[in-house]
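Just below is one structure, and these are the notes that go with it.
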Amino acid sequence: MRKHVVTETLSCACGSVALTVDGPVLSMLICSCRDCRKATGTGHSAVALMPGVAVAISGDTQSHTRLAESGSEIARHFCPRCGTPLFARTARAPDLLLLPVGLFDEPDWFSPNQAIFSRSHLDWDALDPTLPQYDTYRDNGGF
Ligand SMILES: [Zn+2]
Ligand SMILES: [Zn+2]
């Protein structure tokens, strides 16, 4: 798959925090784990995985760290003023950032390559049936 390169400045709803991204999107996923459901308030998250070095963060964020279903810790960062979810970092891959696709202005390039944690996927939350689905993570354990 050709890597899509994004060069864009993203901001939270109130403008207190900006993320300047300049780099390749390494993977695009849909995740239906219970943690993502809670974090997004709906059936699944839509996430772009990027190298941490490709993202410069300005402004203060707050984070909440918890054990994900994988058994690894995941830290979810959000704007302390408006609550917009900004990025997450998992201990499974500390050099990478998980960016919610809704944060980008025009994420037409988003084309998920996998749906993970289908074991907790909800039937009313329709997904593209051609998308490879995995009970938890992709069989090779990678992203
Ligand atoms: Zn904000
Ligand atoms: Zn998830």
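A crude spin-label estimate for the pair residue 95 and residue 109, with each label 7 Å from Cα along the Cβ direction, gives 2.1 nm. Charge dipole of region 9-143 (Cα centre as origin; +1 on each Lys and Arg Cβ, -1 on each Asp and Glu Cβ, all else neutral): 460 debye, rounded to the nearest 20.
So for the chain, averaging the separation of alpha carbon pairs under 8 Å that are six or more residues apart and normalising by length, what relative contact order in percent results? If you can, show how the numbers build up before the last one.
Numbers: 296 pairs, mean separation 34.4, N = 143.
Once normalised by length, the contact order is 24 percent.
Site pair residue 42 and residue 139 shows an inter-label distance of 3.1 nm when each label is modelled 7 Å from Cα along Cα→Cβ. P(r) of the chain in 5 Å steps, Cα pairs, percent per bin? Result, from short to long distances: 2, 10, 20, 25, 21, 15, 7, 1 percent.
Taking θ as phi - 60° and the Karplus parameters 6.51, -1.76 and 1.60, the scalar couplings of region 94-110 work out to x, 7, 10, 10, 9, 10, x, 5, x, 6, 7, 5, 9, x, 5, 6, 5 Hz in sequence order, x denoting glycine and proline.
Of the peptides 96-104, 51-59, the ranking by mean beta-carbon count within 10 Å, highest at the top, reads 96-104, 51-59. If R0 is taken as 30 Å, the Cβ-Cβ distance between residue 60 and residue 130 corresponds to a FRET efficiency of 0.15.
No value in this document is a laboratory result; all are computed from the given coordinates. Nothing here was measured: the structure is a model prediction, and the numbers come from that model. Quick reminder, even Gly has a Cβ in these numbers, built from the backbone with ideal geometry, and neighbours come from all protein chains shown.
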